[in-house]
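For reference, the structure is listed below as structure tokens.
Read-outs: derived from the displayed coordinates by stated rules, not from any lab. All of these numbers come straight from a predicted model, not from anything done at the bench. As a convention, Cβ positions derive from the backbone with ideal geometry for all residues, glycine included, and neighbour counts pool all protein chains shown.
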Amino acid sequence: MTHAFYVYGAYGFAALVTIAATLWTWADGRARRSEMATLEAAGIRRRSVRTKDGE
């Protein structure tokens with residue numbers, strides 16, 4: 001018996017975790033952008049955005 005099963009299993013698990021973290025980050029980013037669009041449409045602005053008069 002070789003260690004191939006263990007090695008392939010470890011690589012598979014690492015790939016699965018990496019893909020899951022990537023998809024979670026992507027989905028959360030979409031949700032936050034949607035949330036920001038809703039808030040900005042309601043008139044709530046981000047503090048980091050400068051106005052035309054410099055305030």
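Which one, ILE19, MET36, HIS3, projects farthest toward the positive side of the charge dipole computed for the chain from Cβ point charges (K/R +1, D/E -1)?
Positive-most Cα among the choices belongs to MET36.
Please report, in whole Å, how far the alpha carbons of the chain spread along each principal axis, starting with the longest.
73, 21, 10
Summing -39500 (n - 2.57) over the DSSP H runs of n ≥ 4 in the chain and dividing by its residue number, what mean residue ellipticity at 222 nm do you reach, to the nearest 500 deg cm²/dmol? Display every interim value, and only then the final one.
Values: 1 runs with 38 residues, N = 55.
Helices in the chain give a 222 nm mean residue ellipticity of -25500 deg cm²/dmol.
Please identify, among ALA21, ALA42, ALA31, the residue showing maximal mean-square fluctuation in a Gaussian network model of the chain using a 10 angstrom Cα cutoff.
ALA42
Using 1/(1 + (r/R0)^6) with R0 = 35 angstrom and r between the beta carbons of ALA31 and TYR8, what's the FRET efficiency to the nearest 0.05?
For ALA31 and TYR8, the calculated efficiency is 0.55.
For helix 4-41, what angle does its Cα long axis make with the longest principal axis of the chain, in degrees from 0 to 90 and rounded to 10?
10
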